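> Structure in structure tokens, see below.
The values are calculated or read from the model by the stated rules, or taken from the named source; none is laboratory data. In this text, all values refer to a predicted model and were calculated from it rather than measured experimentally. Note that each Cβ is placed from the backbone with ideal geometry, even for glycine, and that neighbours are counted across all protein chains shown. Accessible surface areas use protein heavy atoms only, side chains included; no ligands, DNA or RNA. Shrake-Rupley method; radii C 1.70, N 1.55, O 1.52, S 1.80 Å.
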Amino acid sequence: MGVEKGTRDSDIEHEEDLDEEPGEVIESAPPLKVGEERELGNSGIKKKLLKRGLGWETPEFNDEVTVHYVGTLLDGTKFDSTRDRDSSVIMKLGQGEVVAGLDHGIITMKKGERALFTLPPELGFGVAGRDVVPTNSFVRYEVELVSWIKVVDVSKDGGIIKKIVEKGDKHERPGDLDEVLVKYQVALADGTIVAKTLEKGIEFYVKDGHLCPALAKATMTMKRGEKVKLVVQPQYAFGQEGKDASDAICPVPPNSTLYIDLELTSFKPVIDVTGDAKVFKKILKEGEGSLVANEGATVTSKYSDIGKINLVSYTARLEDGTVFERKGIDDGQPLQFITDEEQVIAGLDRAVATMKKGEHAILTVKPEYGFGNIETKRDLAIVPPSSILVYEVEMLDFIKEKTPWEMNNQEKIKAAERKKEEGNLLFKRGKYLRAGKKYDKAASYVGEEEVFGDDEQKLVTAMRVTCWLNKAACSLKLNDFQGAIKLCSKVLDIEFYNIKALYRRAQALIQTTDLVSADMDIKKALEVDPQNREVKLIQKTLKLHQAESNKRDAKLYSNMFADVTKQTSAITKKLKVERADDDMKNSEAVAMEMENVADSSYPPDNGKAVDSC
């Protein structure tokens, strides 16, 4: 019956010479070739590819597909055809709206694909049959997948169903902190429109929500430019109470289901820079490439301070509108500084280190990363204590420090020396945390994984040891005793009798109450330098700690022995009481026995009567 049989030979012939397109994988088998037939797994369904589709995506169960199909028996007898009706049909996959087997076949198809499916009776019309379809018959469906709408259960309970009308671009979706720009139209079941945005849409922060709970939840599942239709049940809309009329919405009756057309026009990512919700960065314009101005980069940027983060303004101001500083604005000179050098406030420093060239962002900085609780005079005004600052920053350019793999050996050694000296200066200024970072950086330039020549090896080993010892000194100042122990141990793995390493590790060990190990380190150090003043002083400190420890131990043991003595005394007393009780009971028992014998009317063994007393 030609077309009615479900195979169009002309289409197959035209497709034979096309290159095989990757994408369709059935049970890890290679993609079907046009004209090839194969069973879909162990389902009993056979699929014959008649025409390739576009792309690589396929629909899933619950998606709404638009298809044309022609149903025939194996002998070609036609029993159903959308083409004869000249109208495609919309089906929800997984519901078996035509037959169950057809749904299982369609989920293997791409948009525009045509295929012939042969279905076994149990996935067709079964024992019941249908009209001209006899009982327990195999059937064939020639199907063309015109398009489909992806359906997502956003709330996982059927409360928010999302139908994707138009896909978005890229793969990023907004997060809880991000600011989104959306357009929407909200209608009731009878078609009454109760809310609608202006043409330009409306902005809101996802975490703050908008209109009803469903809007924020659905928005977080969308991509930029995506258009969807939402079906929202009352519990995610306005619930049992409904909604009174306001400027933003018309009255919504109680227990109303909402039908929302929603478009995510764009969104501005908001990043918690410091991880403690005290420095936020909202990206207004993405930067170039993937490199950021990290630690040690020389930065050229222009920035201005504006009020709260939600004020879309390019004016420099405090929360009360007072302008206090501008840099690189209105032909002013851009600010140039090196990150992680405390040349600007900590919040600006940390945030800029995450920015790409050309990036434009707004930063909100809490007092802890700003000017703190101190009144500070700036170029244009005084910043009051505990002020929240907001910077609008544009990264103009930065020069990124070379990484070790970009340097030759001499450059690595010079860079390590420079970082070590920077660490020394910071240490002298009491900046122990930052000094420690410098020593780490210096050591990384001459790391053990780096390859140096024989003439350089002694120098880089000494540099490494110095950096570890200096970082250990920083750790001691910061009460990071385990860190100090670890660093000194690394040194002692190389130089077994390094006095500084033994001395600093002993310090840390005393603080962790490992007095035995500390004593061993001190004795080793004195073996090398018996007159070392610092080691002798720490030995005295150790003896004081040992004496204190001995006192605590003596008191502990004394208490333990006292408890044992008390317990022993109590037990002895109890035994004496119990023994006395037992003696008394035994005496009473003997007396009673004698009394019983005296009063007995039974004759003795010799059969004679007992004389009474």
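> Using amide H atoms built 1.01 Å from N in the peptide plane, name the residues 5+ places from residue 79, or on other chains, whose amide H lies under 5 Å from its own.
71, 72, 73
> Then there is this: Stretch residue 185-residue 421 to full length: gain in nm at 0.36 nm per residue minus the Cα-Cα span?
Details: separation 236, 0.36 × 236 = 84.96 nm, distance 6.33 nm.
Extra length available between residue 185 and residue 421 comes to 78.6 nm.
> Given a 1.4 angstrom probe, what's the average accessible area per residue across region 438-522, in square angstrom? List each step's numbers first, then the result.
Values: 4090 Å² over 85 residues.
So region 438-522 comes to 48 Å² accessible per residue, rounded to a whole number.
> Grab the beta carbon distance between residue 240 and residue 62, set R0 = 41 Å, and tell me the FRET efficiency rounded to 0.05.
0.90
> Pop a pseudo-label 7 angstrom from the Cα along the beta-carbon direction at both residue 414 and residue 376 and give the gap in nm to one decimal.
Here the answer is 3.5 nm between the modelled labels.
> Continuing with the same structure: Would you mind checking which residues have amide H under 5 Å from residue 325's amide H? H placed 1.01 Å from N; only 5 or more apart, or other chain.
Hits under the 5 Å cutoff: 305, 380.
> Additional query: Applying the Karplus parametrisation 6.51 cos²θ - 1.76 cosθ + 1.60 with θ = phi - 60° to the phi angles of region 223-228, what ³J(HN,Hα) value in whole Hz is obtained for each residue in order, glycine and proline being reported as x?
With the stated coefficients, region 223-228 comes to 9, 4, x, 6, 10, 9 Hz.
> How much of the accessible area of region 380-481, probe 1.4 Å, is carbon plus sulfur, in whole percent?
54
> Would you list, by chain and number, the lysines whose Cα falls below 26 Å from the Cα of residue 196, excluding same-chain residues fewer than 8 positions away?
Leaving aside lysines fewer than 8 places away in the same chain, those within reach of residue 196 are 150, 162, 163, 167, 183, 207, 217, 223, 227, 229, 243, 268.
> Could you calculate the contour length gain from residue 153 to residue 493, that is, 0.36 nm times the residue separation minus the distance between their Cα atoms, to one decimal place in nm?
Details: separation 340, 0.36 × 340 = 122.40 nm, distance 5.90 nm.
Stretched out fully, the residue 153 to residue 493 stretch lengthens by 116.5 nm.
> Oh, and also: Over region 177-302, what is the mean sequence separation of C-alpha contacts under 8 Å (at least six apart), divided by residue count, expressed as relative contact order in percent?
On the way: 225 pairs, mean separation 35.6, N = 126.
Result for region 177-302 is 28 percent.
> For residue 78, which lysines qualify as cross-link partners when the Cα separation must be under 16 Å and same-chain residues fewer than eight apart are set aside?
Counting by Cα, and skipping residues close in sequence, residue 78 has these lysines nearby: 5.
> Can you list the residues, at least 5 places off or on another chain, whose amide H is less than 5 Å from the amide H of residue 94, using H built in the peptide plane?
Here 62 satisfy the definition.
> Probe of 1.4 angstrom, ligands and nucleic acids ignored: what's the accessible area per residue over region 147-194, in square angstrom?
51
> Across region 429-500, how many lysine pairs separated by 8 or more positions, or lying on different chains, have Cα atoms within less than 17 Å?
Taking the Cα cut-off of 17 Å, the pair count is 18.
> Extending each Cα 7 Å along its Cβ direction at residue 291 and residue 513, get the distance between those two points in nm, one decimal.
Taking the two extended label points, one gets 5.2 nm.
> Go through region 137-149 residue by residue and turn each phi into a ³J(HN,Hα) via Karplus (6.51, -1.76, 1.60, θ = phi - 60°); whole Hz please, and just put x for glycine and proline.
9, 6, 10, 10, 10, 8, 10, 10, 8, 6, 5, 7, 10
> Quick one: if you stick a label point 7 Å off each Cα along the C-beta vector at residue 100 and residue 170, how many nm between them?
Once both label points are built, they end up 4.4 nm from each other.
> Go through region 197-213 residue by residue and turn each phi into a ³J(HN,Hα) via Karplus (6.51, -1.76, 1.60, θ = phi - 60°); whole Hz please, and just put x for glycine and proline.
With coefficients 6.51, -1.76 and 1.60, one gets 7, 5, 4, 7, x, 9, 9, 7, 7, 4, 5, 7, x, 6, 6, 8, x Hz.
> What length, rounded to one decimal in nm, is gained on full extension from residue 196 through to residue 320, with 0.36 nm per residue of separation minus their alpha-carbon distance?
Net length gain for the segment: 41.3 nm.
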